[in-house]
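Chemist: I'd like to ask some things about the structure below.
The values are calculated or read from the model by the stated rules, or taken from the named source; none is laboratory data. Since we're looking at a predicted model, the values are computed, not measured. With ideal geometry, Cβ positions are generated from the backbone for all residues, glycine too; neighbour counts draw on all protein chains shown. What goes into the accessible areas is simple: the full protein's heavy atoms, side chains included, and nothing from ligands, DNA or RNA. Shrake-Rupley method; radii C 1.70, N 1.55, O 1.52, S 1.80 Å.
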Amino acid sequence: MRVSRQLLVTLREVPADCEIASHQLLVRGNFIRRVASGIYAYMPMMWKVLKKITCIVEEEMAAADCLETLLPQLHPSELWERTGRWEGYTQGEGIMFHLKDRQGRDLGLGPTHEEVATSLAKELIRSYKQLPVCIYQIQTKFRDEIRPRFGLMRSREFIMKDAYSFHSNEKNLKEKYDVMNNAYRRIFARCGIETVAVDADSGAIGGSASQEFMVTANSGEDLILISTDGLYAANQEKATSIAPEAKDLEYLEESYISTPNQNSINELCSKQDLDPSQIVKVIIYLAIFDDETEQPILISIRGDQEVNDIKLSNFLEINLNKKIVSLSTLSQEKLVSQGIKEIPFGSIGPDLKDLVLEGAKSWENKFLRIADHTAADLKKFVCGSNKLNSHRICISWESSGGLPQKADIRKANPGDRCVHDSKVRLIAKRGIEVGHIFQLGRKYSEALEANFTNEEGINEPYWMGCYGIGISRLAQAAVEQHHDDSGICWPLAIAPFEVIIVPANNTNETQRKLSEQLYKNLLEVGIDVLLDDRDERAGVKFKDADLIGIPWRIVIGRDSENGNVELVERAKKKTLLLSFEQATQKLLEEICLKKG
Ligand code: ATP
Ligand code: MG
């Protein structure tokens, strides 16, 4: 391909609406063009990158016995209603684009394909003899993200590889999960990106295991916690750890203390000379469930710790066996709208009486009481007295209404000690989620009555797994991981071109001829080569080559009269002066031999 035919419109300036490096560079290099918020056109060089990634994914999926399909993007609402997901995905903060057809039927644009895949399997798979089966597709997904941003990282239309596997038993599902785990590791390694596999939250009813693959980068939206010995890594949403030791509370008689204007843990500690770990902090949440019950929850947690809303939400769904529609902390305004008398925010104790809920319009009139282990483990502590401007000191659980149900609902933090080895600590990194694998269990097959006949002739729902890779996000994550001040440094395997030939002066006959000759030679041996045949100044061409990040550059300049050329390795900014033949040979070694 010749640059003059490439529609190469590069920008020197950083575009105003691009916050992170990879987004800026992809726009500056004309890889992507914004059409509307979260909607991008993939320009020719980007499409080449995406196709190279796709090719690697297809090879690895084939090696893992997955069958390629292409499923519809328009989904009938009935399918989603049967799994109970239509409302959640289309109402409120739901992310499914949806529409009505000319007959007034509701349709959604596929954000994910569990429903469609399971309904097809249901029609095709009747017997255990047909199992296991795994289908996958590479396709555009639609999600009406609340905050589309960072270019292809969080867009509203993006390319995903999604696979769905069906099994006759859980053991077989777990085996497939391991196979996919390894396939994912190979895919990311072959794409030239480094990823960390982390334990991920799989939701309360979503199944038993789930792992995300993260590209570590400061711009990542996820916080991941990694043990310094490399044996543990988890998304903070899911992570567990050992909380720091609490400071002993000097033994005093149980008593009340006056605490005017000491409504926060910080104020209380500084005025009373306490440590946050000596205090039981009480927070009131309101959970609204899918059966329309509205449950106030009284959480007790140690003052130096924070509640992890996802852990809390999972705990509630599992224990109450119903789905949460919303979970939020209670505010004074919400109390007023319920017609409830004032609650002494700032001095609430774990024994706050249910009586305060009396007269609530739609809420249950009894608290669900939960204590995080950090609070439950305290023998003596300080807490609110349920009267404004007053706290109790040296309290035990016996004298504060008894110990509520215990749970792990605290956020793990960097610096915490690890559960697997208390001598090892957690460190924090930010990550970009590029892939997610999931043991779904029987959630979807049960909902859609997708059954097979087992060896005993009995009908049962099959076991399922699902496995996603954000292809377009991965392409941008590769740039986030591989760039420098001058531009992109594409990993060879997914670079839009492997080599760029730059005649320093295209009007010089020798340089032009030699460039054309080399271009022809490289094409003949199957190297993906770009020839910068523009009559631009050398400096302009070098800047563009740096920006678009082709891994190898051959500069044919004045010294070509003596048969010499420059070979530049983009990522290392390393230049070698070689003879024409040596340069060709080196490229063959670096590219063709590696490709195999
Ligand atoms: P996130 O937590 O980032 O919103 P998710 O967990 O909702 O993602 P999955 O349903 O697991 O996403 O989708 C599989 C993969 O698709 C993700 O691992 C990610 O790489 C990619 N992906 C998800 N949402 C987007 C998006 N809005 N834009 C680009 N890629 C996305
Ligand atoms: Mg995910």
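Chemist: Over the range 497-595, with every protein chain in place, what whole percent of the accessible area is carbon and sulfur at 1.4 Å, could you tell me?
Modeler: Details: 2300 of 4740 Å².
Whole-percent figure for carbon plus sulfur exposure: 49.
Chemist: Might you report the magnitude of the Cβ-based charge dipole of the chain about its Cα centre, with Lys and Arg at +1 and Asp and Glu at -1, to the nearest 20 debye?
Modeler: The dipole of the chain has a size of about 1140 debye.
Chemist: If I measure Cβ to Cβ between cysteines in the chain, which ones have no partner under 4.7 Å?
Modeler: For the chain, the answer is Cys18, Cys55, Cys191, Cys269, Cys383, Cys394, Cys418, Cys466, Cys489, Cys592, because their Cβ atoms have no other cysteine Cβ under 4.7 Å.
Chemist: A further question on this structure: Among Met43, Trp80, Leu67, whose Cα projects farthest towards the positive end of the dipole of the range 1-87, with charges put on the beta-carbon of Lys, Arg (+1) and Asp, Glu (-1)?
Modeler: Sorting the options by dipole projection puts first Met43.
Chemist: Something else: Carbon and sulfur together cover what percent of the accessible area of the range 255-407 at a 1.4 Å probe radius? Numbers along the way, then the final one.
Modeler: Numbers: 3480 of 7030 Å².
Carbon and sulfur together cover 49 percent of it.
Chemist: How big is the Rg/Rh ratio for the range 255-407, C-alpha atoms only, Rh by Kirkwood, two decimals?
Modeler: Values: Rg = 15.2 Å, Rh = 15.8 Å.
Taking Rh as the inverse mean 1/r over Cα pairs, Rg/Rh reads 0.96.
Chemist: Amide H of Ile409: which non-local residues (sequence gap of 5 or more, or other chain) have their own amide H closer than 5 Å, using H built in the peptide plane?
Modeler: Amide H neighbours of Ile409, under 5 Å, 5+ apart: His373.
Chemist: Cα centroid distance between the range 372-437 and the range 279-318, in Å?
Modeler: What the calculation gives is 13 Å, centre to centre.
Chemist: Here is a further query. Among Met180, Val196, Ser208, which residue has its Cα furthest toward the positive end of the charge dipole of the range 172-221, with +1 on Lys/Arg Cβ and -1 on Asp/Glu Cβ?
Modeler: Met180
Chemist: Size of the dipole of the range 379-529 about the Cα centre, Lys and Arg at +1 and Asp and Glu at -1 on the beta carbon, nothing else charged, in debye to 20? List each step's numbers first, then the result.
Modeler: Values: 18 positive and 18 negative charges, 299 e Å.
Here the size comes out at about 1440 debye.
Chemist: Could you work out Rg/(2.2 N^0.38 Å) for the chain, with Rg from alpha carbons only?
Modeler: Working: Rg = 29.8 Å, N = 596, 2.2 N^0.38 = 24.9 Å.
Ratio of Rg to 2.2 N^0.38 Å for the chain: 1.19.
Chemist: How many angstrom separate the Cα center of the range 219-247 from the Cα center of the range 176-198?
Modeler: Between the Cα centres of the range 219-247 and the range 176-198 lies a distance of 21 Å.
Chemist: Leaving ligands, DNA and RNA out of it, report the carbon-plus-sulfur percent of the accessible area of the range 164-216 at a 1.4 Å probe. Before the final figure, lay out the partial values.
Modeler: Details: 890 of 1990 Å².
After summing per-atom areas, the C and S share lands at 45 percent.
Chemist: While we're on this one: Which whole-number percent is the relative contact order of the range 128-185 (Cα, under 8 Å, 6+ apart)? Please list the in-between numbers first.
Modeler: On the way: 62 pairs, mean separation 21.4, N = 58.
The normalised contact order for the range 128-185 reaches 37 percent.
Chemist: Just the number please: accessible area per residue for the chain, 1.4 Å probe, all protein chains included, in Å². List each step's numbers first, then the result.
Modeler: Numbers: 27510 Å² over 596 residues.
Roughly 46 Å² per residue, with all protein chains present.
Chemist: Right, another one. Under a 5 Å amide H to amide H cut-off, with H placed in plane at 1.01 Å, what residues pair with Trp490 once short-range neighbours are removed?
Modeler: For Trp490, whose amide H was placed from the backbone, there are no distant partners under 5 Å.
Chemist: Still on this structure: Determine, from the Cβ-Cβ distance of Leu67 and Lys594 and an R0 of 35 Å, the FRET efficiency 1/(1 + (r/R0)^6), rounded to the nearest 0.05. Write out the running numbers ahead of the final one.
Modeler: Values: r = 29 Å, r/R0 = 0.84.
E between Leu67 and Lys594, to the nearest 0.05, is 0.75.
Chemist: Another question, if that's okay. Per-residue counts of other Cβ atoms within 10 Å, averaged by peptide: what ranking do you get for 569-575, 278-284, highest first? Before the final figure, lay out the partial values.
Modeler: Details: 569-575: 13.9, 278-284: 23.0.
Per-residue Cβ counts within 10 Å, averaged per peptide and sorted highest first, yield 278-284, 569-575.
Chemist: For the chain, build the charge dipole from Cβ charges (+1 Lys, Arg; -1 Asp, Glu) around the Cα centre, then report which of Gly359, Ile257, His23 sits farthest towards its positive end.
Modeler: The listed residue farthest towards the positive side: His23.
Chemist: Taking θ as phi - 60°, what are the ³J(HN,Hα) couplings along the range 524-532 by the Karplus curve (6.51, -1.76, 1.60), each to the nearest whole Hz, with x for Gly and Pro?
Modeler: With coefficients 6.51, -1.76 and 1.60, one gets 4, 8, x, 8, 7, 10, 10, 10, 7 Hz.
Chemist: Something else: Which angle from 0 to 90°, rounded to the nearest 10, does the C-alpha axis of helix 538-548 make with the longest principal axis of the chain?
Modeler: 40
Chemist: Still on this structure, I have one more. Taking the chain as the reference, fit the longest principal axis to its C-alpha atoms, fit the long axis of helix 44-63 to the helix C-alpha atoms, and give the angle between the two in degrees, 0 to 90, nearest 10.
Modeler: Rounded to the nearest ten degrees, it is 70.
Chemist: Run through the range 413-477 and list the trypsin sites (Lys or Arg not before Pro) located in a DSSP loop whose Cβ has at most 15 other Cβ atoms within 10 Å.
Modeler: Working: sites: Arg417, Lys423, Arg425, Lys429, Arg430, Arg442, Lys443, Arg473; in loops: Lys423, Arg442.
In loop regions of the range 413-477 (DSSP not H, G, I, E or B), the sparsely surrounded trypsin sites (Lys or Arg not before Pro) are Lys423.
Chemist: Could you order the peptides 83-89, 355-361 from most to least packed, using the average number of other C-beta atoms within 10 Å per residue? Can you show the working numbers first?
Modeler: Working: 83-89: 17.6, 355-361: 13.7.
Going from most to least packed, we get 83-89, 355-361.
Chemist: Viscosity 1.567 mPa s, temperature 4 °C: what is the translational diffusion coefficient of the range 1-70 from Stokes-Einstein with a Kirkwood Rh over Cα pairs, rounded to a whole number of µm²/s?
Modeler: Details: Rh = 14.2 Å.
Answer, rounded: 91 µm²/s.
Chemist: Shifting gears a bit: What is the distance in Å between the Cα centres of the range 514-536 and the range 458-475?
Modeler: For the range 514-536 versus the range 458-475, the Cα centre distance is 42 Å.
Chemist: OK, next. Between 0 and 90 degrees, rounded to the nearest ten: what's the tilt of helix 114-124 against the longest Cα principal axis of the chain?
Modeler: Around 80 degrees separate the two axes.
Chemist: Okay, next question. Extension gain Lys573-Lys513, at 0.36 nm per residue separation less the Cα-Cα distance, in nm? List each step's numbers first, then the result.
Modeler: Working: separation 60, 0.36 × 60 = 21.60 nm, distance 2.61 nm.
Fully extending the segment from Lys573 to Lys513 adds 19.0 nm.
Chemist: Let me ask you something else. How big is the charge dipole of the range 324-408 about its Cα centre, in debye rounded to the nearest 20, if each Lys and Arg gets +1 on its Cβ and each Asp and Glu gets -1 on its Cβ? Spell out each step's value before the answer.
Modeler: Working: 11 positive and 10 negative charges, 35 e Å.
The dipole magnitude comes to about 180 debye.
Chemist: With an 8 Å cut-off on Cα pairs and a minimum separation of 6 or more residues, tell me the relative contact order of the chain in percent. The partial results should precede the final answer.
Modeler: Details: 1236 pairs, mean separation 100.2, N = 596.
For the chain, the relative contact order is 17 percent.
Chemist: In Å and from the alpha-carbon atoms only, list the Rg and Dmax of the range 497-595.
Modeler: 12.1, 35
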